[in-house]
Every structure is written in structure tokens, then in C-alpha cells.
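Student: One structure, as C-alpha cells, below. Some questions next.
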Amino acid sequence: MTFLPSRRSALRSFAGITALVLGASACGPGGPGPSASSGGAKPRGGNGGERRLGAEWESHTRTFMSWPALESVWMEDLPYVRKDIARIAREIAEYEEVVMMARPAQVKAAQRACGSLVEVVPLDVDDLWARDTVPVFVEEEGEVVGVDLNFNGWGNKQEHENDALVGETLLAKYRIPRVEAPLIAEGGSFETDGEGTL
């Protein structure tokens, strides 16, 4: 007899694993956390440190965005998508720092579209979904740590050769310690109240 978990128990299991990986405060000190990768990531929390994923509405240092790069994804809509992304970046930049990641050959066009308040940095990306490709930032012992969730193009449904490396590359550029999650996920799939509820 094969046991198949119900959808509810599968979701609960996934939520539990996710809480461990992100180190949401509900896990408490000393709970297992993500393993450090061999790619230069520092082991974190070996002394029982607690990780905290902040609430969506809490203040933060900056917003990371990605400049849509692939015509194969957006086809004839690419110019309109870029225009919308630039408009969103300019609006956010009125209130906080915005870093737009763009392929090196597209940096000048992205900078023109986004304006001088947006910092455009050369970094190979494929598409605009930074919320899924950028690491999830957590606090640990007063330090910001990036949890790289091993983005895989939503189960290989879309080209993601560059987006798969955004987490590691971005963290190295900003010298933020990296923790590689022992699972594949997207940052946009997590919501939290900052008090351990995931």
C-alpha cells in the first residue's frame, strides 16, 4: 500500500521545511537551518543563532529589480514591459534606493529608461522576476544574510541560465554572507509577519 499525503499535510510539511530553511523566528534558537554551500558561502548559525525573516511591510535598505532581457519570453510586448518596469523603478526610487540588475549590453538603455535615481548594475539576468530570483534576506545576530533558494525557472518552465545565478552573484557583489537552501523555491512564495508566522 502506498501512502499519499493529503494536500493539506503536504503543504504543512513544506511550510515546516521552509521555516527551518529561512530560520523564521518560530523555529527558535538552535533549530536546523540551511547548509552552507561550497561556493564560498559561510556557515551560519553553528552556535545556535536565530534567523529572522522580516515582515513584508518592514523598512529595508533597498529594492532589487531585474531588467527584462529576453525577447523570447515577452516577444512583441518586451518594449511595453520594459517601460512598465522602468516606471515602477522610478516610483519606488522616490522613497528608497532601487538597484536594477541588467545585462551589461542593456545597462545604458535601462539607465535611460529608469532615470538617475535608479542605480543600474551590470549583472546577467533573464527576466524581470527579481522577487523569485534574488535571495531572501534574513537577520542573524544583527547581520543580514542572504538565503539562496536555488531558482530553477519554476521547474524549468522558462529559460533561467542567468537567473539561476543571480542569488550567488548578487550576494558576492554586495559582500553579503550566502546560505544555500537545501531545497528549490522562489522568494516570492513566502509571506511572513516577521514574528515567525510563515
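No lab work stands behind these numbers, since they all come straight from the coordinates. From a predicted model like this one, the values you see are computed outputs, not experimental measurements. Every residue, glycine as well, gets a Cβ built from its backbone with ideal geometry; the counts of neighbours run over all protein chains shown.
Student: Do you know which residues across segment 102-149 are within 16 Å of the chain's Cα centre (by Cα), under 20 Å from M75 (Cα atoms) and either acidic (D, E) or not in a loop (DSSP other than H, G, I, E, B) (or both)?
Tutor: Let us first name the residues in segment 102-149 that are within 16 Å of the chain's Cα centre (by Cα), namely 102, 123-139, 144-149.
Now restrict to residues that are under 20 Å from M75 (Cα atoms): 102, 124-130.
Those that are within 16 Å of the chain's Cα centre (by Cα), under 20 Å from M75 (Cα atoms) and either acidic (D, E) or not in a loop (DSSP other than H, G, I, E, B) (or both): A102, D124, D126, D127, A130.
Student: Here's another thing I want to ask about it. Kindly provide the set of residues from segment 170-198 that are within 12 Å of the chain's Cα centre (by Cα) and of a type in the set (S, T, Y), ordered by number.
Tutor: Result: S189, single match.
Student: Restricting to segment 107-131, count the residues that are under 21 Å from Y80 (Cα atoms) and surrounded by 19 or more Cβ atoms within 10 Å (Cβ to Cβ).
Tutor: Qualifying residue count, segment 107-131: 11.
Student: Related question: What is the residue count in segment 175-198 for residues that are in a loop (DSSP other than H, G, I, E, B), free of Cβ contacts under 8 Å to residues at least 60 places away in the same chain and under 10 Å from P135 (Cβ atoms)?
Tutor: Result for segment 175-198: 1.
Student: Ok, one more. For segment 166-188, how many residues are more than 20 Å from E56 (Cα to Cα) and surrounded by 18 or more Cβ atoms within 10 Å (Cβ to Cβ)?
Tutor: Total meeting the criteria: 8.
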